[in-house]
Amino acid sequence: MPGILLDTHALYWLVTGAETLTDGALIAIGECQSAGTLYVSPITAWELSLAAQKPAHRDPPRLGSPIATWFRAAVRVTSAKIVPIQQKIATAAAEVPVAKGHKDPGDCFLIATARVRGIPLVSRDLILRDMADHGYIDVIVC
C-alpha cells in the first residue's frame, strides 16, 4: 500500500481510544505503520486546537496538554510521518470548494493532501465518504 492519510478524528481516536475504529481501518493503519507509510497533515493540529475550544456540549477533544505537545506525541506514538503543506497541496486545497462546493478549510487541505499524494484518507466523515462514492478521493471508513 502506498500509504494512507489519517483524518483529524481518526488520529485522535487512534491515539486516545475515544472511539473504536473499524477492523479495516485498523488493518490498513497497522500495515502502513509497518511500512512507514502512515501519514498525517499538520492541518490536523490546527483542527484539533479549534475543536478543543468548542463548547463542552459539542464533546470537544480532551488533549490534556498544549496542541504542539499533544500532536508531537501523537505523531511519535503512531509512527506517522507528517506531509508538509507545500504549494501543490495548498493550490489543490483551493480547488476543492470550486470542484466540490466543500468549504471546510481543514477538510480541503486533507482532501488535497490525499489527492496530491494519491493515497486514501481514513475518515468517518459523511461528506468525504460521499466524495469517495463519486470518485473524487479514496476513503477508508474508520
When you go through (1) more than 14 Å from ASP7 (Cβ to Cβ); (2) in a helix (DSSP H, G or I); (3) modelled with pLDDT of 95 or more one by one for ALA99, which number turns out not to apply? (3)
LEU50 being out of contact with any helix residue (DSSP H, G or I) (no Cβ under 6 Å at 6 or more places or on another chain), among the hydrophobic types (A, V, I, L, M, F, W, C) and surrounded by fewer than 13 Cβ atoms within 10 Å (Cβ to Cβ): no
Could you run through the stretch 59-80 and say how many residues are in a loop (DSSP other than H, G, I, E, B) and modelled with pLDDT under 95? 8
Is there any pair linking a residue in the stretch 74-98 that is at negative phi to one that is modelled with pLDDT under 95, with Cβ under 7 Å and at least six apart or on different chains, and which? VAL96/HIS102; PRO97/LYS103
All positions within the stretch 69-79 that are out of contact with any Leu (no Cβ under 8 Å at 6 or more places or on another chain) and closer than 22 Å to THR37 by Cα: ARG72, ALA73, VAL75, ARG76, VAL77
Is one or more of the residues making up the stretch 15-23 outside any loop (DSSP other than H, G, I, E, B), in contact (Cβ under 8 Å) with a residue 60 or more places away in the chain and either within 20 Å of THR113 (Cα to Cα) or not hydrophobic (A, V, I, L, M, F, W, C) (or both)? no
Number of positions in the stretch 110-141 that are in contact (Cβ under 8 Å) with a residue 40 or more places away in the chain and of a type in the set (D, E, K, R): 3
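The values are calculated or read from the model by the stated rules, or taken from the named source; none is laboratory data. Just so you know, these numbers come straight off a predicted model, no measurement behind them. Neighbour counts run over all protein chains shown; Cβ positions are idealised from the backbone, glycine included.
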